[in-house]
């Protein structure tokens, strides 16, 4: 029963973020300045998700070579920048992580 | 269809006969477009399925080791369908957090979807609730990014909705399957987080982010959002993420305005 309320509550909370604006704003025209601002949503959110995970593992700043996720992220950035190929970025980024974790004594 | 040839009437009648004969297999141009858009949306999402794969497995494994029953873990993926919120919720469940707090946390963690809805809504005008509700229910980070790009080359709301639906159904199906794999394999994996496979999400997001950076305004938005997220990391329940995103958006807008040269170049090209 507890699990039912947990999942029902989480489902409702999630839908409350995904559905209302999609429905409301599809019925009217947005001002030019707002629609321009919304073009920055995707890059800004992605950057705000990625950087803390990579640079603040365990909540502390870690800019060192033995931060394997950081090193692997740099590989991913490089691959993505040169190739623009998402699948290749994922595969080489993960490969870089596994290699560095195997090499670095942690 | 118009036929210029003299026997056009016959051809027209013939083709009509053929259409009637093959009614069950009939494909109108409209249904072909739908299929094509749906499949293209799914195909454009494929790399993200690969990225979500290890993430979902770890979620399933963590969920059952944190005290949720396998059914609750599967139901969470089926009805909540929000990777990062599910991860955090499982951690909170393990820590014995009250349900109300977990639900509120879910809302805050997912608040970024408000921005996604606002961004996609102008593309999905004149759609009825029976379309908007499922499209909203299935909206994730991944499908949002795929759609934001894919919508650029699509004109009508009709094409866009099928494209987005294809992406979302692909993500959803994949997420259910990998959650199940994780639940089943979960007991066999001793410490799922220590494998570092959840890092797949980070490289996936990097692969989505880098190609978006096409000019100074976007780069500024990315740097400001990233820096603000680092500074605001200690804020509770990922509120730092939302504030950082808003600051990044503001920075992008400000840069766009203070770089009139760029804008005039753009106009000159158009």
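The values are calculated or read from the model by the stated rules, or taken from the named source; none is laboratory data. This is a predicted model, so every value here is computed, not measured. Reconstructed Cβ throughout: ideal geometry from the backbone, glycine too, with neighbour counts over all protein chains shown.
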Report task. Hey, could you check segment B:119-140 for residues that are without any contact (Cβ under 8 Å) to a residue 24 or more places away in the chain and surrounded by 19 or more Cβ atoms within 10 Å (Cβ to Cβ) and say which is farthest from residue A:13 (Cα to Cα)? Result -> B:121
Query raised in the report: Out of the residues in segment B:64-75 that are in contact (Cβ under 8 Å) with a residue 24 or more places away in the chain and not in a loop (DSSP other than H, G, I, E, B), which is farthest from the other protein chains (Cβ to nearest Cβ)?
Result: B:65
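Using the structure shown, decide if residue A:69 is surrounded by 15 or more Cβ atoms within 10 Å (Cβ to Cβ) and either at pLDDT below 90 or not assigned by TED's automatic domain parsing to the domain that holds residue A:51 (or both). Before the answer, list the steps.
Working: surrounded by 15 or more Cβ atoms within 10 Å (Cβ to Cβ): yes; either at pLDDT below 90 or not assigned by TED's automatic domain parsing to the domain that holds residue A:51 (or both): yes.
Yes, satisfied.
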Query raised in the report: What is the residue count in segment B:226-244 for residues that are modelled with pLDDT under 90 and either in a helix (DSSP H, G or I) or in contact with a strand residue (DSSP E or B) (Cβ under 9 Å, 6 or more places away or on another chain) (or both)?
Result: 7
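Test residue B:155 against the stated conditions and say whether it is in the same structural domain as residue B:123 (by TED's automatic domain parsing) and outside any helix (DSSP H, G or I).
Working: in the same structural domain as residue B:123 (by TED's automatic domain parsing): yes; outside any helix (DSSP H, G or I): yes.
So residue B:155 fits the description; yes.
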Query raised in the report: Looking at (1) assigned to a helix (DSSP H, G or I); (2) more than 7 Å from chain A (Cβ to nearest Cβ), which is the one condition that is false for residue B:107?
Result: (2)
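Given A:25, A:55, A:78, which one is touching a helix residue (DSSP H, G or I) at 6+ places or on another chain (Cβ under 7 Å) and either under 30 Å from residue B:78 (Cα atoms) or more than 7 Å from chain B (Cβ to nearest Cβ) (or both)? Even if it seems obvious, please write down each step before you answer.
Values: A:55 fails: either under 30 Å from residue B:78 (Cα atoms) or more than 7 Å from chain B (Cβ to nearest Cβ) (or both); A:78 fails: touching a helix residue (DSSP H, G or I) at 6+ places or on another chain (Cβ under 7 Å).
Selected residue: A:25, the only one of A:25, A:55, A:78 that is touching a helix residue (DSSP H, G or I) at 6+ places or on another chain (Cβ under 7 Å) and either under 30 Å from residue B:78 (Cα atoms) or more than 7 Å from chain B (Cβ to nearest Cβ) (or both).
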Query raised in the report: If you go through segment B:141-182 one residue at a time, how many are buried (at least 24 other Cβ atoms within 10 Å of the Cβ) and more than 17 Å from the chain's Cα centre (by Cα)?
Result: 2
Query raised in the report: Would you pick out the residues in segment B:110-122 that are assigned to a helix (DSSP H, G or I) and within 15 Å of the chain's Cα centre (by Cα)?
Result: B:110, B:112, B:113, B:114, B:115, B:116, B:117, B:118, B:119, B:120, B:121
Query raised in the report: Restricting to helices (runs of 4 or more DSSP H) lying wholly in segment A:1-54: which have 2 or more residues that are crowded, with 22+ Cβ neighbours inside 10 Å and at pLDDT 90 or above?
Result: A:2-18
